[in-house]
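Heads up: the structure comes next, in structure tokens.
The values are calculated or read from the model by the stated rules, or taken from the named source; none is laboratory data. Worth saying up front: this structure is predicted, and the values here are computed from it rather than measured. No Cβ is skipped: glycine too gets one built from the backbone with ideal geometry, and neighbour counts run over all protein chains shown.
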Amino acid sequence: MDPFVAAAAQEIAVRAERELEALVAVSSPSGDIPGAEEALAVCVALLPSQARTERVASSTPQSAPDLIARIDGEGTRRMLLVGHVDTVVAHEAHGPLRREGDRLYGPGTADMKGGVVIALGVARELAARPELFAELSLLLVTDEEWRTQPFVHAAAFAGYDACLCFEAGQREPGGEGVVVRRKAAGTLRVTATGRSAHSGSAPDQGANALLALAQTAIAVTRLHEPDGAERLSVVPTVVRSGRAFNVVPAEGELIFDIRAERSESFQRVLAAVPAKIDGVGVQARLERVWPGMDAREATARLLERASEKVGRPIVAASRGGASDASHFANSIPLTVDGLGPRGGGAHTPEEFVVAESLAERAQVALAVALEALEAEP
């Protein structure tokens, strides 16, 4: 293993569990401004002393401002580290970090406070070698889990030489997995407007919004073909309709989660929603459209050389879930995601990271970072 990678990863690992405990101790569900401010204050305290910080407007107006930390160097290349501090766990379900065997349980451990801890550690270790970079930036956002507005930060970092994102890591059959390919993701929201009536004495005088939404769900999911050329998945996830057991529902809402190789495929799904069903008006709109990411070709040589630095294979992997890395991949070809610790149970009360993976994934992240900074322009 490269001597710098080995020594720097050990330094990160010595502190990682305590730092994760401090960050998980902060309840920071999306949209909670005091929680986000406290979580970012912990992160600022863990930054290297050379870092200059600024708060910038979030993509989501109701969210706390995001954090950008910049470290000036003496080299030629610029690299961006990306993470988020918000979780999907509400305050009432929050609890402190706890260890059970080789697992560290707690809200946001895998998604993605464990990754933030590694990103902060990488920033500290690279800051001690300013000859490697011209600028090292860290972006921590507060709205990743609930954002529906367009992402506002991509243009500010266009032209950077590399982007590393620290969503949870994984093991692949061939070695340590990092994510270089992600599906585009979107939300399709369908509303139905019908006509109410007494469901017992005059049921046929109504126009049933619930039935219209049910038919829409069936019709649109016929496009579901995750093994097809577009890898399109169309999954109804939420339906709301009706206010009383004895009234024909006059309105309702249906939500689909859709994924595909390219976001352009979502237009076909949108077009499949009928405008009217049995007297019920139906309207549909796309929300939270995140681009796809495919950095396999651009990062192939990078991962090969990084594998040599870490002394074991680093394998390109794909993932269906959305990530802020996708927003940067079009303008920063060397974009690598999934550099956080290994874990599971994201978005559930049993979320965890594997304790030993904090050190192992720090090695992987440092090897990728070092190679990205040393790569030929």
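Taken over segment 72-91, residues that are of a type in the set (Val, Ile, Thr) and buried (at least 21 other Cβ atoms within 10 Å of the Cβ) amount to 4.
Report those strands (runs of 3 or more DSSP E) wholly inside segment 1-92 carrying at least 3 residues which are under 19 Å from the mean Cα position of the chain (by Cα).
Ranges flagged: 66-72, 78-84.
Of all residues in segment 245-255, none are touching a strand residue (DSSP E or B) at 6+ places or on another chain (Cβ under 7 Å), exposed (fewer than 15 other Cβ atoms within 10 Å of the Cβ) and within 16 Å of residue 288 (Cα to Cα).
Scan segment 93-112 for residues that are in a helix (DSSP H, G or I) and of a type in the set (A, V, I, L, M, F, W, C) and the total you get is 3. For segment 236-289, filtered to residues that are acidic (Asp, Glu) and in a strand (DSSP E or B), the residue that is nearest to residue 208 (Cα to Cα) is 251. Only one entry in 271, 275, 298, 284 is of a type in the set (Gly, Ala, Ser) and closer than 30 Å to residue 336 by Cβ, namely 298. All told, residue 20 meets the bar of being touching a helix residue (DSSP H, G or I) at 6+ places or on another chain (Cβ under 6 Å) and either surrounded by fewer than 16 Cβ atoms within 10 Å (Cβ to Cβ) or at pLDDT 95 or above (or both). Against the conditions (1) touching a helix residue (DSSP H, G or I) at 6+ places or on another chain (Cβ under 6 Å); (2) buried (at least 24 other Cβ atoms within 10 Å of the Cβ); (3) not in a loop (DSSP other than H, G, I, E, B), residue 340 satisfies every one except (3). Of everything in segment 164-177 that is in a strand (DSSP E or B) and either over 14 Å from the mean Cα position of the chain (by Cα) or without any contact (Cβ under 8 Å) to a residue 40 or more places away in the chain (or both), the residue that is surrounded by the most Cβ atoms within 10 Å (Cβ to Cβ) is 176. Pairs linking a residue in segment 211-229 that is in the same structural domain as residue 259 (by TED's automatic domain parsing) and surrounded by 15 or more Cβ atoms within 10 Å (Cβ to Cβ) to a residue that is in a helix (DSSP H, G or I) and not charged (D, E, K, R), with Cβ atoms under 7 Å and 6 or more positions apart or on different chains, are 220/269; 223/269.
Residues of segment 180-227 that are of a type in the set (Val, Ile, Thr) and in contact with a strand residue (DSSP E or B) (Cβ under 7 Å, 6 or more places away or on another chain): 180, 187, 190, 191, 193, 216, 220, 221. For segment 346-377, a residue qualifies if it is modelled with pLDDT under 95 and either buried (at least 24 other Cβ atoms within 10 Å of the Cβ) or over 24 Å from residue 130 (Cα atoms) (or both), and the qualifying residues are 346, 347, 348, 349, 350.
When residue 326 is tested against (1) buried (at least 24 other Cβ atoms within 10 Å of the Cβ); (2) over 16 Å from residue 298 (Cβ atoms), only condition (2) is not met. The set of residues in segment 327-349 being β-branched (Val, Ile, Thr) and touching a residue at least 24 places away in the same chain (Cβ under 8 Å) consists of 332, 335, 336.
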